[in-house]
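The values are calculated or read from the model by the stated rules, or taken from the named source; none is laboratory data. Since the structure is predicted, the reported quantities are computational estimates derived from the model, not experimental observations. Here the Cβ is made from the backbone with ideal geometry for all residues, glycine too, and neighbour counts use every protein chain on show.
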Amino acid sequence: MLISGGLEEGASSGCLRILTSPELANLRPGAEQKVVFITARVHPGETPSSFVCQGIIDFLVSQHPIAKVLRDHLVFKIAPMLNPDGVYLGNYRCSLMGFDLNRHWANPSPWAHPTLHGVKQLIVQMYNNPKINLEFYIDIHAHSTMMNGFMYGNIFEDEERFQRQAVFPKLLCQNAEDFSYSSTSFNRDAVKAGTGRRFLGGLLNDTSYCYTLEVSFYSYVVGGTTSAVPYTEEAYMKLGRNVARTFLDYYRLNALVERPLAPIPKTRKEKLPLFKCTTQRGQGSSHVGSKPEKRSQTNLKEPTLST
Ligand SMILES: [Zn+2]
């Protein structure tokens with residue numbers, strides 16, 4: 001496993017962290033690489049997105065059998081902080097120069113939006129490489145009024161593609177008690193045209209799926225209950241771990257995992273929530289089929305506030 005922290009070739013961003021493995025079966029000469037590209041913290045005030053991203057990274061670099069299978073079959077490229085100057089300055093939404101970077105994906109400037117420009121260059125290079133299939137793009141945000149974790153997706157004229165896009169959030173809903181499929185929505189509002197999810201959804205081919213992953217600043221409600229459970233740093237990271245393990249289900253790699261499953265590692269000391277949790281789930285159990293899907297309807301409404 002290699003973790004390179006420097007500049008990716010062709011990218012001007014200094015915030016890239018690339019996870020890859022030299023032993024990948026799909027890195028053999030002639031094999032097509034399946035790439036999952038994840039970004040976070042384009043909006044600097046949305047700190048929960050960093051904890052979710054941290055959970056994804058911690059899990060992928062762990063010795064957990066699922067993590068090993070994922071590393072052997074997929075390539076994860078992760079840019080955990082798209083707006084480092086905004087974070088440094090304590091901005092809520094904008095960069096050093098006052099830009100909302102998540103509205104400039106269509107034509108980012110290397111001068112005004114350097115991190116965005118670098119990441120887009122890298123993505124376009126991969127798109128143009130016939131040996132690479134960029135299958136997922138997930139941009140992690142935090143939401144100030146909604147509860148739970150949920151996703152935004154795109155709307156396609158092709159009904160089959162539209163339905164296939166719903167598969168990953170449905171699987172994630174099975175794996176993560178705090179993820180809500182009923183709050184997941186699909187849209188093509190003009191105001192979102194410059195977001196990473198919208199722009200890349202229009203650029204990439206029809207086997208690629210682009211999502212915005214949102215997580216509440218505050219709390220989540222577990223299906224079948226009514227009380228809100230305040231999020232903790234550990235709960236955000238757990239959502240990240242569940243996002244990572246959902247790729248196992250999506251690619252149907254379950255049969256390749258060595259049994260018995262080891263517990264998902266906790267890399268940070270868990271902080272107790274301020275209020276009593278209404279539901280506890282085992283860290284190491286297989287979640288597939290262990291929880292009824294909370295909701296099943298596709299929601300075409302747009303939740304409040306933009307991302
Ligand atoms: Zn955001």
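Worth a mention:
- Residue satisfying condition, being within 16 Å of the ligand (Cβ to nearest atom), under 22 Å from residue 76 (Cβ atoms) and outside any loop (DSSP other than H, G, I, E, B), within set 138, 123: 138
- Helices (runs of 4 or more DSSP H) within the range 36-104 that include 2 or more residues polar (S, T, N, Q) and within 15 Å of the ligand (Cβ to nearest atom): 48-60
- The set of residues from the range 201-238 being small (Gly, Ala, Ser), crowded, with 21+ Cβ neighbours inside 10 Å and farther than 30 Å from residue 122 by Cα comprises just one member, 235.
- Failed item in (1) surrounded by fewer than 23 Cβ atoms within 10 Å (Cβ to Cβ); (2) part of a helix (DSSP H, G or I); (3) touching a strand residue (DSSP E or B) at 6+ places or on another chain (Cβ under 6 Å); (4) not acidic (Asp, Glu), with residue 163 passing the rest: (3)
- Residue-level check: of (1) surrounded by 17 or more Cβ atoms within 10 Å (Cβ to Cβ); (2) within 16 Å of the ligand (Cβ to nearest atom), residue 191 misses just (1).
- Filter pass, residue 50 being touching a His at 6+ places or on another chain (Cβ under 7 Å) and either among the hydroxyl-bearing types (Ser, Thr, Tyr) or buried (at least 21 other Cβ atoms within 10 Å of the Cβ) (or both): no
- So residue 207, is it part of a loop (DSSP other than H, G, I, E, B) and without any contact (Cβ under 8 Å) to a residue 12 or more places away in the chain: no
- Verdict on residue 194 being under 19 Å from residue 103 (Cα atoms) and assigned to a strand (DSSP E or B): no
- Counting only residues that are within 16 Å of the ligand (Cβ to nearest atom) and in contact with a strand residue (DSSP E or B) (Cβ under 6 Å, 6 or more places away or on another chain), the range 202-228 holds 8 of them.
- Selection within the range 89-104 - at positive phi and touching a residue at least 24 places away in the same chain (Cβ under 8 Å): 90
- Among (1) within 13 Å of the ligand (Cβ to nearest atom); (2) out of contact with any Asp or Glu (no Cβ under 8 Å at 6 or more places or on another chain); (3) assigned to a strand (DSSP E or B), the one test that residue 145 misses: (3)
- Residue within the range 151-169 that is within 15 Å of the ligand (Cβ to nearest atom) and either modelled with pLDDT of 85 or more or among the acidic types (Asp, Glu) (or both) present: yes
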